[in-house]
């Protein structure tokens, strides 16, 4: 079964836990990973890895170097991701469990965190603060945000929480070649002791 059919099926089963009904476009994936500095010993974490569009791009950027942990709450998507990407440590868990997941897998701090989490994840946990606490001081956190909804209260709260947890937050131009169009929030300079 194709990624879009899997996403649609899983979205219909649990719409608050699956962020979208279509896979991210190449253009959005490129915008998500462009701000991330990736070197030989980089530890990259994905939150809401879904079908693995960002996972694939990160694996290409890592080129067999560093370490890659992907967290996906949906068991079907997590299993599919683990099968497709055996070099990635795929964990079926809630993103709020990031500190426990990292400790369990022997990771002190991440160098990069990329997130495709839906707003509901932000409503249930202080994701920006959790991500800031999990990042190395020079780390970067990226979050996709749907452009059509950027003025709604949950999107404004998401950006406000990012600005509280990080010293530097930038917003990309709209990625029009995505359905729906989206922006990428890139956050750097994590505030100390954010959680």
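None of the figures in this text is laboratory data; all of them are computed from the coordinates on show. Note that the coordinates shown come from a computational prediction; the quantities given were computed from them, not determined experimentally. Note that each Cβ is placed from the backbone with ideal geometry, even for glycine, and that neighbours are counted across all protein chains shown.
The DSSP beta bridges internal to the chain are antiparallel in roughly 45% of cases.
In the chain, Rg over Rh equals 0.92, where Rg is the alpha-carbon radius of gyration and Rh the Kirkwood radius from pairwise Cα distances. With the simple model of a label 7 Å out from the Cα in the direction of the Cβ, residue 138 to residue 105 spans 2.2 nm.
Averaging Cα coordinates gives a centre for region 147-195 and one for region 44-69; these two points are 20 Å apart. Kindly identify region 141-185 as rounded, prolate or oblate by the Cα gyration tensor criterion: order the square roots of the eigenvalues as a ≥ b ≥ c, call it rounded if a/c is under 1.5, otherwise compare a/b with b/c, prolate if a/b is larger, else oblate. It comes out oblate by the Cα gyration axes. Note on the chain: helix-only mean residue ellipticity at 222 nm, from DSSP H runs of 4+ residues weighted -39500 (n - 2.57) and normalised by residue number, equals -10500 deg cm²/dmol. Entry note, region 90-195: relative contact order of 29 percent, from Cα contacts under 8 Å with a spacing of 6+ residues.
Label reach from residue 56 (point 7 Å along Cα→C-beta): in region 94-133, no amide nitrogen lies under 14 Å.
Between residue 177 and residue 157, the FRET efficiency estimated from the beta carbon spacing at R0 = 25 angstrom works out to 0.40.
Placing a label point 7 Å from the Cα of residue 37 along the Cα-to-Cβ direction, the residues of region 128-161 whose backbone N falls under 16 Å of that point are 135-142. Each Cα pair under 8 Å and six or more residues apart adds its sequence gap; the mean of these over the residue count of the chain is a relative contact order of 21 percent.
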